[in-house]
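Bear in mind these aren't lab numbers, they're just calculated from the coordinates by the rules spelled out. As the structure is a prediction and not an experimental result, all values here were calculated from the model. Cβ atoms come from the backbone with ideal geometry, glycine included; neighbour counts cover every protein chain shown.
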Amino acid sequence: MTGLAIVSLGLVCGLAGYLLLRRSGAGWRVGRLLAAAPERTLAEAAAMATNGEPGYIRLHGRVDSDEEFPAEDGRPLVYRRRRLQRRVARGWETFDDERLAVPFRLSDRGERVDIDTEALGDGLVVVPRESEGVASDLTAEAVSGELPELPPDTPVRLRIEQVSAVDHATATGVPRVGDDGSVVLGPGLDRPLVLTTLDQDEAMRLLAGDRRNELLVAAGLLVAAPVLLALGLLAFVFGL
């Protein structure tokens, strides 16, 4: 195989891997941020915010709040997102999105960093509670707004994601000083706020979902691409 052919194959592998990742949705980006963000202590995050030092970092601590609210099972919650979704050609589409949150923070050894709850959305990675049915099962009380008109046999599901005050969590974002002088972790540097109550391996498996094999193929292609490009360049150098 000539050097040109090897380089071309490397470029094709890189493009195919990138397209597969894009097709998998936002999950691959969230997972990459969780894995790649440098870990810092809460004290280091506070120093960065105070000094105005921009940086996208990963923090870990105990979830803590002064304003918890109870879940149906009595667990003290600080955040709950409740979504009704309908089945579409390429997955699920949200038509009702209700969020309830109270101020909460990550705490560890006397240090604390507040979480920007207003910015917490698709970057929340927790094990969801789900139930499925059809549109004819819905009532006006089931939605936070107006009940949409859907064909009665449209597949729908209820998806609930929540964070409890008894959890430990990992969050990635940019620390800053809030209006009240507290240190707040939120989105920044063109990256979202991410928070998970799972360990990294569990979070990655959840983010991959039913596209895990597709993501593995994409990762393999992206690993192979630079190797093939290097081999192709060597073949050019040696006249092969």
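A full extension of the chain between residue 47 and residue 142 corresponds to an added length of 29.7 nm, given 0.36 nm per residue minus the alpha carbon distance. With the highest mean first, a sort of the peptides 114-122, 151-159 on other beta-carbon atoms found within 10 angstrom per residue produces 114-122, 151-159. Just to be sure I understand the model, the point goes 7 Å from the Cα along the line to the Cβ. What's the resulting residue 200 to residue 102 distance in nm? Once both label points are built, they end up 3.3 nm from each other.
Extension gain for the segment residue 180 to residue 150, taken as residue separation times 0.36 nm less the Cα-Cα distance, is 6.3 nm to one decimal. FRET efficiency for the residue 62 to residue 233 pair, using the beta carbon distance and R₀ = 45 Å, is estimated at 0.35.
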